[in-house]
Amino acid sequence: MVFEYAAAPESSAIVNIKSHYNLFIGGKFVKGKNNSNYKTINPATEEVLAEITEASVKDVNEAVKAARKAFKTWSKLTGSQRGKYLFRIARIIQERAREIAVLETMNNGKPIRESRDIDIPLVAAHFFHYAGWADKLDHAGLGKNPQPLGVAGQIIPWNFPLLMLAWKIAPALAAGNTVVLKPAETTPLTALLFAEICQQAELPDGVVNIITGAGETGKALVEHPDINKIAFTGSTEVGRLIAQSVAGTNKKVTLELGGKAANIVFDDAAIDQAVEGVVQGIFFNQGHVCCAGSRLLIQESISDNFMNLLYERMKNLRLGNPLDKNTDVGAINSAAQLAKIKELTQAGSAEGAEMWSAPCEIPNRGFWFAPTVFTNVSLSHRIAREEIFGPVLSVLTFRTPDEAIEKANNTPFGLSAGIWTEKGSRILEVANRLRAGVVWANTFNKFDPTSPFGGYKESGYGREGGRHGLEAYLKAGK
Amino acid sequence: MAELEIKRTAKLFIGGAFPRSESGRTYEVFDKNKQFLANVTLGSKKDARDAVTAARSSFSKWSQATAYNRGQVLYRVAEIMQGRREQFVTEVNTWSKTKKQAEIEVDKAIDLLVWFAGWTDKLSMTTGSNNPVAGPFFNFSIPEPTGVVAAIAPSQNPLLSLVEIIGSIVLSGNAVIVIPSEKQPLTAVSLAEVFATSDVPGGVINILTGSYKEIAPWLASHEDVNALDLSGVSDKAVALDLEKSGAQTLKRVLRPNANLPGLERIKFFLETKTVWHPRGL
């Protein structure tokens, strides 16, 4: 029996998108000096949403200058004063949450259910958490009177646009730094809305500066000599370039990069929960998640049964209009990302793995990729080693716990991992031996502002969230 | 007639053993008055690679050893150093201006080891956390060692700085490959003998005497090295090259001028692991 769903779209009338956006520098929206623009689209429809300014080197200089000027006063405010501004921002985000969620979904392609229930509530929670830290920095574990670093250059990705902004800006401001932030080229709209929120909160001019653009703009920001700190979330490839670029300087760096997480399912796992967890692990946000559980390691004795249940579950995933409240899987964020997913899945088939995709209807316009599983995958395959950053799961099997741990750790990445078993001692031992920064046991893809997040090995360094997240923006007191 | 002194051959320290260099090379070391002291092993690229292999194979066991056990081992190192205090004073004094200065440096080094020994079972308490997430989950964060660290020690206070580098890195469970001061390597050779007799598992601490300009680039580019400590790199151009090379594999790099205070230096070579589990009946 097939249940049909009636369409249940969230209205986009709540958002007011301008036709053109300037840069946000020194508390004002200012024209770019090169008069160079590009268009940002809705990836689910390919409709143009707005024209965005491409910041030039000169614009970056202006933004850093504004941040430096603001640093002199912002860093001298009492912690409680800084905290009050952050509390205000948290509250305005809560007040305008639905509007922000709709805008995020329109510019990113993620299901409204996720932007409404996960991204934006976490954004508000993040500002709320760090607001409370601003007057408690002596308790951050860095000795008495720790000091801010100065001006932070922050570059964020397109997969969780406003959430990544919150992860970067909230701790930086709480610690007394000022920031120049560049949102991802394809998803600038919620960051520009955030600039308006800063104005509504009467945040002092120049404390937050938002410059839009692509790789060249980011490069100018990283190379700017008056930046004290670089915080980057994105690909390992760009992370390497940034680490090289800051070599020999005094710039502090935190990098949150790629991953190829193993989600390990043992034979004694609660099977239905594990199936749900594996689905959430890889298809959440179309798999555009650096910590996605993109490698399923399934114990051989239960693999046939488990895979059948997984296929059945995947047949019920609803792909389509991201603004529809029933949608599970939204649009791929860009044509370029879709091409990358296709290239890697083709490599998967070419290298001998077996591909299965959920039978869902693909809309005519926009960028889409059906939830996909590869079996008969070996560790040397590209789809087992490289980050696909799409709704594609690679399945490997194991016989013993030692083999599972060995395979899980056999990757240059080390961001996250999952464990599914009902045996407590096994959870603790496996969690202990996995070389990954976040381990989810009998759950997956959970985030919280109090919970430090970040990677081992080539997944980068530094932590975001909690007390640990403050350390990235402070130097130890004397 | 006095008995003829038996001189020691100064060799490398890799995997708990004292090999000569695979290259067969040595170099002459002199004191502050340009008097010959010893022929010291000149480490090579191959020795560096052997040291990485030894460090990596020791890592899983050392990092999984109990904090209490690591503290006992480091305290034992301090005990053995204390017993050989006069030897260390004599060696440090081959370069220090006065014997008094040498004594101060050796005593500080021993005290520092005791301080490190006491840190092993407190790190989780002071740098870890139990995180009150907004949901029915138990969530905690703990520090874990970064892995294999390659370090270059400075010539300033060669014994004290070497102890600071090695102790701060290994106390949390890391394994280290250290290149001591090229000009003043003798205390490092003696320190290796202390490690060999203090229950430090083979491979946890590896010492490569020689030229850091020659050896360090192989360590900086090595895929199985997780972090670099450039404290002793005085040449800015070399420091830049090493940091750039380390960036290829996203190594954590402690820059030469970092000067991190006590605990911050220990924390630099740590990762943070966060673990989630649902609560429920």
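The values are calculated or read from the model by the stated rules, or taken from the named source; none is laboratory data. As the structure is a computational prediction, the values presented were derived from the model and not from experiment. Here Cβ is always computed from backbone atoms with ideal geometry, including for glycine, and neighbour counts include all displayed protein chains.
Among the residues of the range A:309-322, is there at least one that is more than 30 Å from residue A:461 (Cα to Cα), acidic (Asp, Glu) and touching a residue at least 12 places away in the same chain (Cβ under 8 Å)?
No; the residues of the range A:309-322 include none that is more than 30 Å from residue A:461 (Cα to Cα), acidic (Asp, Glu) and touching a residue at least 12 places away in the same chain (Cβ under 8 Å).
Of all residues in the range A:432-478, which are out of contact with any Gly (no Cβ under 9 Å at 6 or more places or on another chain) and at the interface with another protein chain (Cβ under 7 Å from one of its Cβ atoms)?
If the condition is that a residue be out of contact with any Gly (no Cβ under 9 Å at 6 or more places or on another chain) and at the interface with another protein chain (Cβ under 7 Å from one of its Cβ atoms), then A:466 is the only one that fits.
Given the conditions (1) of a type outside the set (Ser, Thr, Tyr); (2) without any contact (Cβ under 8 Å) to a residue 24 or more places away in the chain; (3) more than 30 Å from residue A:235 (Cβ to Cβ), which single one is not true for residue B:243?
Looking at each condition in turn, residue B:243 falls short on (3).
Kindly provide the set of residues from the range A:244-264 that are touching a helix residue (DSSP H, G or I) at 6+ places or on another chain (Cβ under 6 Å) and within 9 Å of another protein chain (Cβ to nearest Cβ), ordered by number.
Listed by number, the residues that qualify are A:244, A:245, A:247, A:248, A:255, A:257.
Residue A:95 - would you say it is crowded, with 17+ Cβ neighbours inside 10 Å and of a type in the set (Asp, Glu)?
Spelling it out, it is not the case that residue A:95 is crowded, with 17+ Cβ neighbours inside 10 Å and of a type in the set (Asp, Glu).
Can you run down the residue pairs with Cβ atoms below 6 Å, 6 or more apart or on separate chains, where the first is in the range B:209-235 and under 10 Å from residue B:43 (Cα atoms) and away from chain A (no Cβ under 12 Å) and the partner is of a type in the set (Gly, Ala, Ser) and part of a helix (DSSP H, G or I)?
B:215/B:48
Only one residue in A:264, A:227 is surrounded by 23 or more Cβ atoms within 10 Å (Cβ to Cβ), over 21 Å from the mean Cα position of the chain (by Cα) and in a loop (DSSP other than H, G, I, E, B). Which one?
A:227
Scan the range B:126-158 for residues that are in contact (Cβ under 8 Å) with a residue 24 or more places away in the chain and either under 27 Å from residue B:86 (Cα atoms) or away from chain A (no Cβ under 14 Å) (or both) and report the count.
So the count comes out to 8.
Which is part of a loop (DSSP other than H, G, I, E, B) and closer than 30 Å to residue A:111 by Cβ, of A:44, A:55?
Matching residue, one of A:44, A:55: A:44.
Against the definition (under 28 Å from residue B:10 (Cβ atoms) and surrounded by fewer than 20 Cβ atoms within 10 Å (Cβ to Cβ)), how does residue B:197 come out, yes or no?
Answer is yes for this residue.
When residues of the range A:403-431 are filtered for being within 14 Å of chain B (Cβ to nearest Cβ) and either assigned to a loop (DSSP other than H, G, I, E, B) or of a type in the set (Gly, Ala, Ser) (or both), how many remain?
Going through the range A:403-431 one residue at a time, the tally reaches 16.
With the requirement that a residue be in a loop (DSSP other than H, G, I, E, B) and in contact (Cβ under 8 Å) with a residue 60 or more places away in the chain, what does the range A:378-402 give you?
Scanning the range A:378-402 gives A:386, A:387, A:388, A:389, A:390, A:391, A:399.
Does residue B:161 qualify as being part of a helix (DSSP H, G or I), among the small types (Gly, Ala, Ser) and either under 27 Å from residue B:32 (Cα atoms) or without any contact (Cβ under 8 Å) to a residue 60 or more places away in the chain (or both)?
yes
Between residues in the range B:256-281 that are within 8 Å of chain A (Cβ to nearest Cβ) and residues that are of a type in the set (Gly, Ala, Ser) and assigned to a strand (DSSP E or B), which pairs lie under 7 Å by C-beta distance while being six or more apart or on different chains?
Close Cβ pairs satisfying both conditions: B:272/B:141; B:273/B:141; B:274/B:141; B:275/A:441; B:276/A:441; B:277/A:441.
Conditions first: (1) facing chain A (nearest Cβ under 9 Å); (2) at pLDDT below 95; (3) closer than 30 Å to residue A:443 by Cβ. Residue B:250 passes all but one, so which condition is the exception?
(2)
Counting only residues that are more than 13 Å from chain B (Cβ to nearest Cβ), buried (at least 21 other Cβ atoms within 10 Å of the Cβ) and part of a loop (DSSP other than H, G, I, E, B), how many does the range A:108-149 have?
Adding up the residues that qualify gives 5.
Any residue in the range B:207-221 that is more than 21 Å from residue B:21 (Cα to Cα) and of a type in the set (Gly, Ala, Ser)?
No: the range B:207-221 contains no residue that is more than 21 Å from residue B:21 (Cα to Cα) and of a type in the set (Gly, Ala, Ser).
Is there a residue in the range A:292-306 that is in contact (Cβ under 8 Å) with a residue 12 or more places away in the chain, within 14 Å of chain B (Cβ to nearest Cβ) and surrounded by 23 or more Cβ atoms within 10 Å (Cβ to Cβ)?
Yes - at least one qualifying residue is present in the range A:292-306.
Answer yes or no: is there a residue in the range A:180-196 that is surrounded by fewer than 24 Cβ atoms within 10 Å (Cβ to Cβ) and among the aromatic types (Phe, Trp, Tyr).
no
If you check residue A:370 against the conditions, is it in contact (Cβ under 8 Å) with a residue 40 or more places away in the chain, touching a strand residue (DSSP E or B) at 6+ places or on another chain (Cβ under 7 Å), surrounded by fewer than 18 Cβ atoms within 10 Å (Cβ to Cβ) and closer than 21 Å to residue A:280 by Cβ?
Against the criterion (in contact (Cβ under 8 Å) with a residue 40 or more places away in the chain, touching a strand residue (DSSP E or B) at 6+ places or on another chain (Cβ under 7 Å), surrounded by fewer than 18 Cβ atoms within 10 Å (Cβ to Cβ) and closer than 21 Å to residue A:280 by Cβ), residue A:370 qualifies.
When residue A:204 is evaluated against the numbered criteria (1) assigned to a loop (DSSP other than H, G, I, E, B); (2) in contact with a strand residue (DSSP E or B) (Cβ under 6 Å, 6 or more places away or on another chain), which criterion, by number, is the only one it fails?
(2)
With the requirement that a residue be out of contact with any strand residue (DSSP E or B) (no Cβ under 6 Å at 6 or more places or on another chain) and under 18 Å from residue A:47 (Cβ atoms), what does the range A:322-335 give you?
Across the range A:322-335, the qualifying residues are A:322, A:327, A:330, A:331, A:332, A:333, A:334, A:335.
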